[in-house]
Structure formats: C-alpha cells, structure tokens
Amino acid sequence: MPSSNAIERRRIGLLGGSFNPPHQGHREISLAALERLGLDAVWWLVTPGNPLKDPGSYADYEDRLRLARAVSHHPDIVVSDFERRKGLTYTADTIDALKALNPNADFVWLMGADGLENFHRWRDWRHIAEAVPMAVFNRPGHETEALESEAAEALSSYRIDSDKATDLCATEPPVWVFFQDTDNSISSTAIRSRKIQHSQTIDRDDDLIAPCGALAFFLDLHPDQGDFHADAIEGLSKSPKSISPKYFYDEYGSQLFDRITEVEEYYPTRTEKAVFEDNAAEITGAVGPGAAIFEYGSGSSEKIEWLVNGLEKPAAYVAMDISREYLLEAAVSMADVLPVPVAAICADFHSPIELPKNVLPEPNHWLGYFPGSTLGNMSRDAAEAFLKRASDTLGEGAQFLLGVDLVKDKKILEAAYNDAEGVTAAFNMNLLTRMKAELDARLNIGDFEHYAFYNDAEDRIEMHLRAVRPTEIVIDGKAFSFAEGETLHTENSHKFTLEKIEDLVKETPWRLEKAWTDPKGWFAACLLSNK
C-alpha cells in the first residue's frame, strides 16, 4: 500500500550505467519514467566502471559525462558523477548512500529489460529490490528473457500492473513494474560495435549517435588533439624554432582570444560581421533555396543565425570543431534557437570527413561556412588541401562561404596584433606559461617578449616570442638555447587580395562566384562554387 508522509517528498528516478556512450534510448526511458511514474526528476548516475564489463572498453569518463549532458537535454534529467565522487562501485551501495543523504526523497530504480535479464548477477540484487521500487522498460528481443529471468521469477509476486505505476514511488519495496510498450532498440553496446560505412579512402571506426538529445546526430571522428610535450620539443629543436598555434588555446588562452576580438585595434571580427550583415540578403539569395550548412569551426549562435534565418528553406546546420566539450555545448545551445535540425561532428580541419547518410533532411546542396579568416592561418599548400577536402565532404553542386582578411595598410595590420592593452601579447606569452605549468619546463618568462610584424614578402602577419637576452628553455633536462633576438615562431596570419583568392581556388575544385567587401576594402566574404 502507498505510504503517507506529511513532508512533501520528491520522486526521483535513478538510471545507472556506464553511458558508454549515452544515447537516445537512455533519454526515452527517462522521459517515459518522468511521465508514467509522475517523477520530479531523473538522475543519470554515470559510473566510472561496471564490474561486469571490460574496463578497457570505456571511453574517457569526462567525455562520457559531457556527452550525457548533451544527450539528456532536459531540465528534469540530471547527469551526476555521484559514484565517482563517493568512490562507489556497486549499485546497492550507491542506493544506500543516496537514501542516507536524501531522507525526503522517494527513489525508484530504472532499467531496460536487458538489465532485468542479468539482474540476478548484480551484487546484492535482492537488497536493491528491497531498498527501492523498480521500473523496467521493454526493449525489442528482451521481453521473454527478462520476464523469465531468475530475478523476475523470484520477484514475480511483487510486480504491479503498469496502470498503477504512479503509485510505484510511494509503495514500500519490494515492488516493480514492467512497461511492455517501450521498445527503443538502441543500446550502448550496439553503438560501440557499430562501424560507419566510409568510402575506401577512409578506414576508421567512428562513433555515431543519432539522434543525440537535441542534436540530429553527433559524430566523433576522434581527432588528434596533439601532443604538447612532443610538439614543443620538436618545435624547439628546429631551426628556426616554431610551434603550432593550436597550443594557444587552453582555457585561459581561449578567454584571451575572446578579449582580443573586442579590443579597438582588432578590426577583423567586427568588420567581417558588418560585411555579412550588410550584404546578408544578397549573400543568401546567391546561395539559393534548400541549402544545408556545414560550419568549419563551431561558432556562437549569433554568428550563424543571420545565415540560417536568411536562407530560403534551409535544410539543416552541422557544426564541426576539434574540441568535444566546446562543440557539444555550442551545438546544443544552437539547437535551441535555430529553426532547422542541428548536428555536430568532432573532427580536425585537416582530416577527411564524410557526412552520415539518411539522418538529416536531404538538402538541395551543401554550403560550407568558414568565417574568421582562419584560412589565413594555413600555408598555401595546407589551404589548397583543405579546400579540396571540403569539396569532397560537401559533394558536387556545393557552395562555400569564406571570410578572408584583405591586404591593407601595414600600420593597421601591425596595430591589430600589437594592441595597446597588451591582450594579444598576453595571448602569445601564455604559451610559455603553459610550458612551465604543463611540461614542467624551466624558463624565465621575462626573458621573452611578444613580437608581431607584417612580412611584406609573404603578405602575412607573423607572431613570435622573441628572446630579449641570451636564455634557454629546458624540457626533460634538454636545453634549447636562444640568442638575443632569436624567436620562437608561433603563428602566421596571411592576408589576401581577391586576385590571390582566385589564384588559390583555381588549384581546387572551387571557383569564385562572387565577393562582398566593406567600404574600406578591409575584409571580404567570398562565395565559392564547385558546380
């Protein structure tokens, strides 16, 4: 019989597991539980490891947490690392701890029919059944085995009809309910074993989750995040010394870059925005109806809304970025505001990408979108290779909207990378701070200065860290000497003319259809086509 209590009690569903990976089936069970059991919330208990599973099969725990938050995408679904924080391994212990910490909550354990099949193998499974009510949700191919399992037969006298499920939380356990009409077939095991079918040129096993909470799909191509330690040693061993600009972007570096875009001298961000907004009607008209957008380097929703909302009958938006955490947060937030299906692909610019088939509305054609003049950070060969890969990704009949920074007065260019507030200098110097903190490098940051200048011969801004006196950087006992004035080259930012853009793209499947610039001719939006 339902118990009564004068204190208002919260009804909480508990869905435990490795979430390796989380998927729509987890979400659908949770939504069904919220509705059918009258729950106030569902807590996803992401376990660091399941004693019944191979520990080598787990993805990184933080990745599983982040992806679970993206997949859940509901105010009443809470993703928790409770078991990790408390050092718990077994469900029975987790439930006891939660009940002790939450005396005014009524908990119910949620699981799929495949969980009930093996429930008798769980440690202290009878204690679990006596500690909390349980709700079991059917899955195709598991109903018979679940209901004939050792645990189901042992607890058969405590099963209630599904039409009484709203009483479950307040009923003294043991008590359980089986919902026969919930039959999502997705499982984490199936997703882990699934291979995306690629062309013969791509041989890779990738993780596709479709749908993924608010996203139409999330495809993880497991991009190489780089090895800061190895790359630093390699770069310091070169002559001249250099290192990839991707190592600018730790959390503090990303915050500094955001500040750079707001300083008075740094014109590119606000000028590009004005070019796009002032010419939005003409740009979207040239793109035509029914386009799906693929953005290289996921941005904020305000940077894409003008394009999506301006297009005639846009089909979808796909965000791509190398950072899983940032990508998922950005894509999920954009799914809340954009009027089209939104998806995400975790990948690197310089890797082949194939779009999953049959998970988005079929577009009339694809539109690549690459704002920010990021193309300027690439060498000529790398830029050509990138554009060729983009054409392969987007397919025949595609278009590509590219933002490029144009050649202009040298004083304006150099001021943009040497702002009076010193934000760009701090951004550059942060690389040395990272070396000390993350690589245990021995160096004196005061022995270096930010150095940025315009290289006329190469039409590019170069950023360096320049030694102001003879010094060295020591990593793993190996010393890399710097003479006074010697530099560590950290970034290039090429500037273009429209003629140079045409010259670049003619080596690729693309051609320049049209370009729009600001009144000063500082920045251009270029529409390419491979038709």
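The values are calculated or read from the model by the stated rules, or taken from the named source; none is laboratory data. Treat the numbers as computed from the prediction; the structure is a model and nothing was measured. Quick reminder, even Gly has a Cβ in these numbers, built from the backbone with ideal geometry, and neighbours come from all protein chains shown. Remember, those area values only see protein heavy atoms, side chains included, never the ligands or the DNA or RNA. Shrake-Rupley method; radii C 1.70, N 1.55, O 1.52, S 1.80 Å.
Rounded to the nearest 500, what is the chain's calculated 222 nm mean residue ellipticity when only DSSP H runs of at least 4 contribute -39500 (n - 2.57) each, over all residues?
Mean residue ellipticity, 222 nm, calculated: -9500 deg cm²/dmol.
What are the lysines whose alpha-carbon lies under 21 Å from the alpha-carbon of Lys86, with same-chain residues fewer than 8 places away excluded?
Leaving aside lysines fewer than 8 places away in the same chain, those within reach of Lys86 are Lys53, Lys99.
Glu302 to His350: extension gain in nm, 0.36 nm per residue of separation minus the Cα-Cα distance?
Here the segment from Glu302 to His350 would lengthen by 14.7 nm.
Any number yet on Rg/Rh for the chain, C-alpha, Kirkwood?
For the chain, the value is 1.05.
Determine the shape class of region 20-176: with a ≥ b ≥ c the square roots of the Cα gyration tensor eigenvalues, call it rounded for a/c under 1.5, and otherwise prolate if a/b is greater than b/c, oblate otherwise.
Judged from the Cα gyration tensor, region 20-176 comes out rounded (a/c under 1.5).
Using a simple charge model, +1 on the beta-carbon of Lys and Arg, -1 on the beta-carbon of Asp and Glu, nothing else, what dipole does the chain show about its Cα centre, in debye to the nearest 20?
Once rounded to the nearest 20, the dipole reads 180 debye.
Going by average Cβ density within 10 Å per residue, which order do the peptides 360-371, 417-428, 223-234 take, highest to lowest?
360-371, 417-428, 223-234
What percent does the relative contact order of region 206-530 come to when contacts are Cα pairs within less than 8 Å and at least six residues apart?
Over region 206-530, the number comes to 20 percent.
Compute the length gained on full extension between Thr433 and Asp40: take 0.36 nm times their separation in residues and subtract their Cα-Cα distance, giving the result in nm to one decimal.
Between Thr433 and Asp40, full extension yields an extra 136.8 nm.
Can you list the aspartates and glutamates whose alpha carbon sits under 18 Å from that of Lys273, skipping same-chain ones fewer than 8 residues off?
Of all the aspartates and glutamates, those that pass the test against Lys273 - Cα under 18 Å, at least 8 places apart if same chain - are Asp258, Glu262, Glu264, Glu265, Glu282, Glu295, Glu302, Glu305, Asp405, Asp518.
Provide the FRET efficiency to the nearest 0.05 for the Glu499-Phe453 pair, computing r from the beta carbons and using R0 = 30 Å.
0.80
If you average the C-alpha positions of region 464-481 and of region 302-338 separately, how far apart do those two centres end up, in angstrom?
42
What are the lysines whose alpha-carbon lies under 24 Å from the alpha-carbon of Lys478, with same-chain residues fewer than 8 places away excluded?
Candidates past the 8-residue exclusion: Lys238, Lys241, Lys246, Lys436.
Can you give the FRET efficiency for His229 and Ala274, using 1/(1 + (r/R0)^6), R0 = 41 Å, r = Cβ-Cβ distance, to the nearest 0.05?
Between His229 and Ala274 the formula returns 0.50.
So what is the accessible area of the chain per residue, in Å², with the probe set to 1.4 Å?
45
Sort 372-378, 43-49 by the packing proxy (mean of other Cβ within 10 Å over each peptide's residues), most packed first.
Order by mean packing, descending: 43-49, 372-378.
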